[in-house]
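Undergrad: Mind looking over this structure? Questions follow.
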Amino acid sequence: MNILNSNEAFAAMMAGRNIMCRAIGELIEFTDIDQFPANIFAKPGYEFCIKVETMELAGITFTKPLTPDDVAEGQEIFIVYPDHISQVKYSKQCMEYFASVRNGFAQADKGNAELQLQAIGELFGRNIFYPPTIDNTGKTKKRRSRKTEEPAANDQNSTSNDVEEKTFESQSNIQITEPGPVTAVEENLTEEFVETDVVKLVEKFTAQIDECTTTRDVLALRHVFMANGHLEREDQQHLCKLTEDKLLELDPEQYTPKVELVNDLSVDELKRLQQEAESLIQSQKDEHLEPPVQADVDNIHQVLLNELLGNVANAATPIEANTQIKYTKHWTEEQRKPLINAINKRLVELNPPKAQSSLAVRIQKAEDLTELDALEIDVSACDLEIQPRLMELVEKRRLELDPFTAAIGEP
C-alpha cells in the first residue's frame, strides 16, 4: 500500500480515484475520505492512500485489474496467462504488456493475479490450483571477479614473469570473467536505442508505411505507432490518414468508402437532406440561377413521403399517427396534404369499440351545437398542423346542425 501526502491524495481524488485517510502514527485502519471534513487535506497529522477496489467473479474476490493510468514505466506487474503468471517490468514499447494491461489481464501483486486466473477458470468450470509464476523481469545476480594474483618478486622467477607479461600484452583485449545469468547476456545483446524524438518517429513510420506492400503489413504497423507513448494525438491521426491512403492504394475495392443508398436512410436523415436541397434551391433562385437539383429534391421528398405514409398506415395508436406530421414542418400545404389525409383516415380506423372516439369522428357525430362547441375547444389543444382540418369538420357539422342560422348569415 502506497502512503500519500495531502497534495498527492487530493490530485488522485480529482483524477477520480477513491481516497482513504487516517491519523499519522495510529494503528487504526484507513477510513473512506467521506467520513472526514472537507478541509482534511489542509490539516496536518493525516496520511492518505488510494482505496483498493475489488470485484467478484465466479464467487472469487480479487482486486480490479490494472488500467494504463495505474501503471508507471518500469513498474513490476503480474500478467495473467491461461497456464501461468508472468512477472514483468511494464513498458509501453512492448505491445504484449500494453495490451495485457489495457484488456484487464494485469495485477499489481502475485496473489491477486493467481485469484484472477482461478476465477476465470472457475467461470468455465475449470479448476486451476497453484499456477506457476515465471519471473521475466530480467533481474541479475552480482558477478564475481577474479582477483589477479601478483607475481612473485624474486630473481629466480623474473624470466617467467617477463613471458607472462608479454602474453597478457598480446591478449590485452580479452577479459576473463565468470559467466553470468543467461538473462543478463540476452539483455546486453538485445538492448537497443529507443527513439523519443517526435519528428524522427513520424519520419520513420511514414517511410515504413510507404514501404508496405500488403494491407496486412499496413494494419500491423498501425498498431505499432498507436501504442507508441512518445507520439502526440495529432501525430497519430496524421499517420492514420497515411495508412488509410495506403490501404486505398493497395486494395481500392475493399477500402473505397461506400455511399449509402437513399432507401436505407432514416426519416431524420432524409429530412435533413431535403432541407439542405431546398436551401440550395432557394439560394440559387436568389442568385437567378436555374436549380439543377430539383429532380433530386423531388425524389427525396417522395421517398420521405412514402416512408411517412407507411408509418401512418402501420400506426397502432392515434398519437403515433399524429407524430408523423412533425417531419413536415418545412413542407408546403400541397406537399403535406397526402399525409394529412392519410392521418385522418388512420385516425378513423383506430377508433376501438371500447375506447373514446377520435376527435374527428366525435365532431362528425356531434348531437347538438353545445357538444360541437365543447369539441371546438378540444381542437385548440391539438397539434397546430391538423387544427385547420379539424376546424373544417367543425364548420361543416355546424352547418348540418343549424342550416337556418347559416342561411341567414349568408349575404
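What follows is calculated from the coordinates using simple rules that are stated; it is not laboratory data. Remember, predicted model here, so these are calculated numbers, not experimental data. Cβ sites come from the backbone with ideal geometry, for glycine too, and all protein chains shown count toward neighbours.
Undergrad: How would you rank 130, 81, going from fewest to most other Cβ atoms within 10 Å of each one's own Cβ?
TA: 130, 81
Undergrad: Once the other residues with Cβ under 10 Å from the Cβ of residue 326 are scored (Lys, Arg +1; Asp, Glu -1), what is the net sum?
TA: Neighbour charge sum, excluding residue 326 itself: 0.
Undergrad: In what sequence do 233, 336 fall when counting other Cβ within 10 Å, fewest first?
TA: 233, 336
Undergrad: Let me ask you something else. Would you mind calculating the gained length between residue 38 and residue 253 on full extension (0.36 nm times residue separation, minus the Cα-Cα distance), in nm to one decimal?
TA: Extending this stretch completely gives an extra 71.3 nm.
Undergrad: Right, another one. Longer than 19 Å from Cα to Cα, which of 204/241; 345/365; 51/89 are they? Say none if no pair is.
TA: Distance filter (> 19 Å) returns 51/89.
Undergrad: Separate question: Quote the relative contact order of region 198-255 in percent (integer), defining contacts as alpha-carbon pairs under 8 Å separated by 6+ residues.
TA: 43 percent
Undergrad: For the residues 358, 279, what sequence is obtained by ranking on other C-beta atoms within 10 Å, fewest first?
TA: In order of increasing Cβ crowding within 10 Å: 279, 358.
Undergrad: Once label points are set 7 Å from the Cα along Cα→Cβ at both residue 237 and residue 61, what is their separation, rounded to one decimal in nm?
TA: Once both label points are built, they end up 4.5 nm from each other.
Undergrad: Would you work out if region 1-121 is rounded, prolate or oblate? Take a ≥ b ≥ c from the square roots of the eigenvalues of the alpha-carbon gyration tensor; rounded if a/c is under 1.5, else prolate when a/b is larger than b/c, oblate otherwise.
TA: prolate
Undergrad: Taking R0 as 35 Å, what's the FRET efficiency between residue 53 and residue 130 from their Cβ-Cβ distance, rounded to 0.05?
TA: 0.85
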